[in-house]
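Engineer: Below are the C-alpha cells for one structure; questions will follow.
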Amino acid sequence: MMKISLTLFLLLSLTVSYAQENKAKETTKKVTAADQKKMESLFALLGADKAADRRKARKDLIAMGEIVVEFLKKHQDHEDPEIANSVGIILATVGIYEIKDFIGEWYATKPRCNVIMKADGTWVFNPHTSIKGKWYLKDKSIVWTTIPVTPGPLDVNPILLLKKNMFKIKELDGEITIFTRIKK
C-alpha cells in the first residue's frame with residue numbers, strides 16, 4: 001500500500017512540474033517595442049537616487065507581469081547589488097519560475113548543508129547522505145517531500161527572492177533559508 005501511495009505521489013509531483021513548465025510557455029505574452037522601451041526606462045530607475053523612484057519602478061515592473069521575466073533575468077547579476085536585489089524581488093513577486101532556475105548544487109543556510117536539486121525533481125542533502133526527496137514548483141513556492149514520505153503537512157516554502165546564483169525561501173516555522181549556488 002505504501003509503495004502505491006508513494007508511486008502515485010511521485011507521478012503527481014512530476015505531472016505538476018511538467019504542467020507548470022508548459023503553462024509558462026503557453027501564457028507568455030509577446031513583448032512589444034513599447035513594452036521593451038518601458039521596461040528599459042523602469043529598469044534604469046531601479047538605480048535612481050530617490051527611494052520613492054526606485055519603489056515606483058519596482059511596483060510598475062511587477063505590474064507589467066510575466067513579460068518582464070526574460071528581460072530581468074539578463075540583469076540578475078547586475079554590478080549594483082541594490083539593482084540585483086530589486087530584480088530578484090521582482091522576479092520572485094511575478095513568480096514565473098522554471099525548473100531550470102533551481103537545478104544545481106546549492107549551499108543552504110538551514111540546515112547548513114549542500115543540497116543538490118536535479119531536473120528530474122529529486123533532491124539530496126550532501127551527496128554522501130541518505131537524506132533525499134522530491135521537489136516541485138507550485139504557486140510561487142517550492143514544495144519539498146522526503147523519500148520515504150514522512151507523515152505531516154507538505155513542506156511548502158514561498159520563494160521570496162530569486163537571483164541567478166541565489167534564492168531565498170520562507171520556511172514553515174517563519175525562518176528564512178538562503179540557497180547560494182555552488183555549481184550548476
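The values are calculated or read from the model by the stated rules, or taken from the named source; none is laboratory data. Model, not experiment: these values are computed from the prediction. Every residue, glycine among them, receives a Cβ derived from its backbone with ideal geometry; neighbour counts consider all protein chains shown.
Engineer: Condition (residue is in contact with a strand residue (DSSP E or B) (Cβ under 6 Å, 6 or more places away or on another chain), surrounded by fewer than 16 Cβ atoms within 10 Å (Cβ to Cβ) and closer than 30 Å to residue 54 by Cβ) applied to the stretch 82-100: is it met by at least one residue?
Structural biologist: No.
Engineer: Looking at residue 164 and the list (1) more than 30 Å from residue 66 (Cα to Cα); (2) modelled with pLDDT under 85; (3) surrounded by 11 or more Cβ atoms within 10 Å (Cβ to Cβ), which single condition is not satisfied?
Structural biologist: (1)
Engineer: Next up: Any chance you could count how many residues in the stretch 127-144 are polar (S, T, N, Q) and closer than 19 Å to residue 167 by Cβ?
Structural biologist: Quick first cut of the stretch 127-144, residues polar (S, T, N, Q) only: 129-130, 141.
Narrowing the set further to residues that are closer than 19 Å to residue 167 by Cβ leaves 141.
Qualifying residue count for the region: 1.
Engineer: Now, a different point. Of all residues in the stretch 114-131, count the ones that are at pLDDT below 90 and either charged (D, E, K, R) or on the phi < 0 side of the Ramachandran plot (or both). So that I can check it myself, show each step before the final result.
Structural biologist: At the first step, the residues of the stretch 114-131 found to be at pLDDT below 90 are 125-131.
This time we only want the ones that are either charged (D, E, K, R) or on the phi < 0 side of the Ramachandran plot (or both), so: 125, 127-131.
Of the residues in that region, 6 qualify.
Engineer: Suppose we filter the stretch 101-115 for residues that are without any contact (Cβ under 8 Å) to a residue 24 or more places away in the chain and either aliphatic (A, V, I, L, M) or touching a strand residue (DSSP E or B) at 6+ places or on another chain (Cβ under 6 Å) (or both); how many remain?
Structural biologist: 1
Engineer: Just one of 63, 92, 51, 57 is at pLDDT 90 or above and within 24 Å of residue 138 (Cα to Cα); which is it? I'd like the intermediate steps shown before the answer.
Structural biologist: On the way: 92 fails: at pLDDT 90 or above; 51 fails: within 24 Å of residue 138 (Cα to Cα); 57 fails: within 24 Å of residue 138 (Cα to Cα).
From the options 63, 92, 51, 57, the qualifying one is 63.
Engineer: Restrict the check to the stretch 149-171 and report whether at least one residue is among the small types (Gly, Ala, Ser), without any contact (Cβ under 8 Å) to a residue 40 or more places away in the chain and not assigned by TED's automatic domain parsing to the domain that holds residue 35.
Structural biologist: To start, the set of residues in the stretch 149-171 that are among the small types (Gly, Ala, Ser) comprises 152.
If we keep only those that are without any contact (Cβ under 8 Å) to a residue 40 or more places away in the chain too, we end up with 152.
Adding the requirement that they be not assigned by TED's automatic domain parsing to the domain that holds residue 35 leaves 152.
So far as the stretch 149-171 goes, yes, one or more of its residues are among the small types (Gly, Ala, Ser), without any contact (Cβ under 8 Å) to a residue 40 or more places away in the chain and not assigned by TED's automatic domain parsing to the domain that holds residue 35.
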